[in-house]
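The numbers here are math on the coordinates, done by the rules we state, and not lab data. Note that the structure is predicted; figures quoted are calculated from it, not measured. Heads up, the Cβs are rebuilt from the backbone with ideal geometry, glycines too, and the neighbour counts pull from every protein chain shown.
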Amino acid sequence: MTEKEYRNHPAISRSELFKIRESPEKFKYYREHPEEPTPALVLGQLFHAMALTPDTVREQFAVLPNIDRRTKAGKEAFAEFEAQAEGKTIVSVDMVEQASAMCEALNKNEFVKKLLKGEKEKPFFWVDEMTGENCKCRTDALTEIGENLIIVDLKSTDNAETEAFMRSAIKYGYDFQSAYYTEGVKVNTGREPLFVFIAIEKKPPYAINILQADKLLIRRGYDLFREYLGIYHDCKQTDNWYGYLGRYNQINNLALPAYLAKEVE
């Protein structure tokens, strides 16, 4: 299954569902009006493709040539490039060099290479028993080491140090992701997988950290999974995609934070 086919499949994905934490109203808007990818997201997509499925890079990306678009010849050359690059993500030479350097760092780490030997970009689809909602996920790599089935997720980050990455995990919902993917793989395979992150920094020396999601992290993620999917299911049933005023359109109370409230009391 191609990336486009996977993205067009109507089942709900982790990245879509994570947006419902802001509000169902925003979730619905984002789903109907997809945002243009940021440079950081494009770099992550390019790096993933180069690291996991290098044979697909030319199909997905086009490298922006060094063209002076102020001249007539340059404008014509750029127009030709755009026509040839239609449907592909345009990336700069600098971005390609950065992603290549990150991949080189990965390939120097024997444990990373062992973790990434499994099946790449494998999609999973399932029906959630509690809500009946169709769900999907796609693992970066699914690897067997000994008796262990391991979901491997590759993350590019500004700081791969363990405590710093934990803060990123909470901020960006990696705990929710670990539970969501674990559920999908477990339903499809009947096996309880481990979940391992390979975190690599985006600047030299492209430091790498390997982190296994522990039981408490996944348990918290599972609680979020049930909460977000429950909200999504309820909104679909009622067609009430409410905003900050909540399901019943109630005014919120603007209260002082605890540390300031103590000064007033």
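Things worth noting here:
- Rounded if a/c under 1.5, otherwise prolate or oblate - the chain, Cα gyration tensor axes: prolate
- Think of each Lys and Arg Cβ as +1 and each Asp and Glu Cβ as -1; about the Cα centre, that makes the dipole of region 109-241 roughly 360 debye.
- Cα gyration tensor shape of region 155-265, rounded if a/c is under 1.5, else prolate or oblate by comparing a/b with b/c: oblate
- Taking every DSSP helix (H) stretch of at least 4 residues in the chain, weighting each as -39,500 (n - 2.57) and dividing the sum by the residue count yields a mean residue ellipticity at 222 nm of -15000 deg cm²/dmol.
- Positive contributions from Lys and Arg (+1) and negative ones from Asp and Glu (-1), summed over other residues with Cβ under 11 Å from the Cβ of residue 178, come out at 0.
- Taking every alpha-carbon pair under 8 Å whose residues sit at least 6 apart, the chain reaches a relative contact order of 19 percent.
- Relative contact order (percent, whole number), region 100-219, Cα cutoff 8 Å, 6+ residue spacing: 25
- Set of aspartates and glutamates near residue 75 by C-alpha distance (under 19 Å), chain-local residues within fewer than 8 positions excluded: 86
- Computed extension length for residue 170-residue 256: 28.5 nm, one decimal, from 0.36 nm per residue of separation with the Cα-Cα distance subtracted.
- Applied to region 45-51, the Karplus parametrisation 6.51 cos²θ - 1.76 cosθ + 1.60 on θ = phi - 60° returns per-residue 3J(HN,Hα) values of 5, 5, 4, 4, 5, 5, 7 Hz, with x for Gly and Pro.
- Packing rank of 104-117, 48-61, 190-203, where each peptide gets the mean count of other beta carbons within 10 Å, highest leading: 190-203, 48-61, 104-117
- Filter on 117/203; 108/171; 88/122 - keep pairs with C-alpha separation over 27 Å: 108/171
- Charge tally around residue 214: other residues with Cβ under 12 Å, Lys/Arg +1 each, Asp/Glu -1 each, net +2.
- ³J(HN,Hα), Karplus 6.51/-1.76/1.60, whole Hz, each residue of region 250-259, x for Gly, Pro: 9, 5, 8, 8, 9, 10, 5, x, 3, 5
- Gyration tensor (alpha-carbon) shape descriptor, region 111-186, a/c threshold 1.5: oblate
- A Gaussian network model of the chain, with springs between Cα atoms under 10 Å, assigns the largest mean-square fluctuation among 77, 85, 164 to 77.
- Mean-position separation - Cα centroids, region 94-142 and region 13-84, in angstrom: 18
- When only the Cβ of Lys, Arg, Asp and Glu is charged (+1, +1, -1, -1), the dipole of the chain relative to its Cα centre reaches about 60 debye.
- What the phi angles of region 127-134 give under the Karplus curve with 6.51, -1.76 and 1.60, with θ = phi - 60°, is a coupling list of 9, 5, 5, 6, 10, x, 7, 7 Hz, glycine and proline written as x.
- Degrees separating the helix 162-172 axis from the principal Cα axis of the chain, which is the longest one: 70
- Taking amide H as placed 1.01 Å from N in the peptide plane, residue 61 has its amide H under 5 Å from the amide H of 89, each at least 5 places away in sequence or on another chain.
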